[in-house]
Amino acid sequence: MTWAEIDWTALGRHRERFLGAAPSEGPYWESERDLAGYDMTFGERIGWKWDAVLDELIIRGWKPDGGTVVDWGCGSGIAGRRVVGRFGHGNFKSMVVWDHSPLAADFARTRAGAAFPGLDVSVAPPGFLQGDEPIGLLVVSHVLNELSAAALGEVGELVARSRAVLWTEPGSRDSSRALGALREKWVGPFRVVAPCTHANPCPILGPGNERHWCHHFAAPPPAIFADSNWVKFGKRAGIDLRSCPYSFIALDRDWTGGSNSLSRVIGRPEDFKPYVRLLNCDSSGLAELTVMKRNCAALCKELAKTRRPLVYEWVRNGATIASGSSALR
Ligand SMILES: C[S@@+](CC[C@H](N)C(=O)[O-])C[C@H]1O[C@@H](n2cnc3c(N)ncnc32)[C@H](O)[C@@H]1O
């Protein structure tokens, strides 16, 4: 697929549907070209979000522990490929992709098979989804707002069979808060790897924090801003490519890492003349903190510019940050 071959009408249809954010009434992929165009554009942008999620997981010391990786609601399969590509396909026994669109499942299987020769990749065989075979890693991406209660229940059954779960959503208020509610519901036997730096109930879902939602921003590859094809895509799709918000949860039953002296910054720090203000989440809850430029000039610059996930260890005087170092060096 090249940019010249993209079916822009089909991409426009997808955009309308994503904006509509309604449970899907059934498979909507129309052709392989449709999926290839999505994979190269919307899908690639989702890939940047996964890159940020994976950066954070790796630097926090997490890695999958083998077994079968399942990409559920796979679409073109970009999420599963990003995950397997990052950790190496030798780390998995097999890969299963599933989408209620047979066209999509087949496309994802073919692409993953080509990307990872030697890995056993299949579309979920009959009985797999209803069975009880353990799943090493369940990957779910950008599907929550399309799911009926019954479909979400099916994913819940898969979560119950999984050692680890990575789930990424677009970063909108609704999808983030819905994902947060699933964290609360499913966390029981799991350890939360990220984005939380603690195992407490999510403070954003608590009283008084209704205006907030847990989201972060990925950094697209700088080269796309000078690429006329990406610029055209951004215009036609009505997307500001500079802004790439996402929300995610990473759960693992057996994880023993993590440090609850860390903080996760939510959203983007805001830059004011004398200080930077940020929304901070840690084991003591959610708080608006400030960093004074006159005391912490380098830290303020870093907070404004860094492309890394914002995980920090702070020294604080109440709501003022006295110093801080990134946990992701
Ligand atoms: C927005 S696309 C995201 C695709 C892919 N996960 C990604 O991140 O690019 C949502 C996908 O979920 C699939 N889907 C929606 N409802 C589903 C269901 N009940 N069972 C399986 N797949 C479903 C759709 O067919 C579509 O491929």
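So residue 232 fits all but one of (1) under 29 Å from residue 286 (Cβ atoms); (2) surrounded by 11 or more Cβ atoms within 10 Å (Cβ to Cβ); what number is the exception?
Single failed check for residue 232: (1).
Within the range 111-162, track down each residue that is assigned to a loop (DSSP other than H, G, I, E, B), free of Cβ contacts under 8 Å to residues at least 40 places away in the same chain and within 12 Å of the ligand (Cβ to nearest atom).
Step one: of the range 111-162, the residues assigned to a loop (DSSP other than H, G, I, E, B) are 116-119, 124-134, 142-143, 147-148.
Subsequent filtering for residues that are free of Cβ contacts under 8 Å to residues at least 40 places away in the same chain retains 116-119, 125-132.
Within the range 111-162, just 129 meets the criteria.
How many of the residues in the range 285-328 are within 25 Å of the chain's Cα centre (by Cα) and without any contact (Cβ under 8 Å) to a residue 12 or more places away in the chain?
1
So how many residues does the range 257-284 have that are farther than 17 Å from residue 183 by Cα, in contact (Cβ under 8 Å) with a residue 40 or more places away in the chain and surrounded by fewer than 16 Cβ atoms within 10 Å (Cβ to Cβ)?
Of the residues in that region, 4 qualify.
Given the structure, is residue 75 surrounded by 24 or more Cβ atoms within 10 Å (Cβ to Cβ) and either assigned by TED's automatic domain parsing to the domain that holds residue 14 or more than 9 Å from the ligand (Cβ to nearest atom) (or both)?
Considered against the rule, which asks whether it is surrounded by 24 or more Cβ atoms within 10 Å (Cβ to Cβ) and either assigned by TED's automatic domain parsing to the domain that holds residue 14 or more than 9 Å from the ligand (Cβ to nearest atom) (or both), residue 75 comes out as yes.
How many residues are of a type in the set (Phe, Trp, Tyr) and surrounded by fewer than 21 Cβ atoms within 10 Å (Cβ to Cβ) if we restrict to the range 36-54?
Just the residues of the range 36-54 that are of a type in the set (Phe, Trp, Tyr), to begin with: 38, 42, 48, 50.
The next check asks that each one be surrounded by fewer than 21 Cβ atoms within 10 Å (Cβ to Cβ); those that pass are 48.
Number satisfying all stated conditions: 1.
Would you check which residues across the range 32-59 are within 9 Å of the ligand (Cβ to nearest atom) and of a type in the set (Asp, Glu) and list them?
39
Restricting to the range 14-31, count the residues that are more than 12 Å from the ligand (Cβ to nearest atom) and either buried (at least 16 other Cβ atoms within 10 Å of the Cβ) or at pLDDT below 90 (or both).
First pass over the range 14-31, keeping only residues more than 12 Å from the ligand (Cβ to nearest atom): 16, 31.
Going one step further and asking which of them are either buried (at least 16 other Cβ atoms within 10 Å of the Cβ) or at pLDDT below 90 (or both), we end up with 16.
Of the residues in that region, 1 qualify.
Assuming residue 197 fulfils every condition listed in (1) crowded, with 20+ Cβ neighbours inside 10 Å; (2) farther than 21 Å from residue 58 by Cβ; (3) among the polar types (S, T, N, Q) apart from one, which condition is it?
Going through (1) crowded, with 20+ Cβ neighbours inside 10 Å; (2) farther than 21 Å from residue 58 by Cβ; (3) among the polar types (S, T, N, Q) one by one, residue 197 breaks only (2).
Please go through (1) surrounded by 23 or more Cβ atoms within 10 Å (Cβ to Cβ); (2) under 17 Å from residue 43 (Cα atoms) for residue 115 and return the number of the only condition it doesn't satisfy.
(1)
The values are calculated or read from the model by the stated rules, or taken from the named source; none is laboratory data. Keep in mind that this is a model prediction, so the values were computed, not measured. Reconstructed Cβ throughout: ideal geometry from the backbone, glycine too, with neighbour counts over all protein chains shown.
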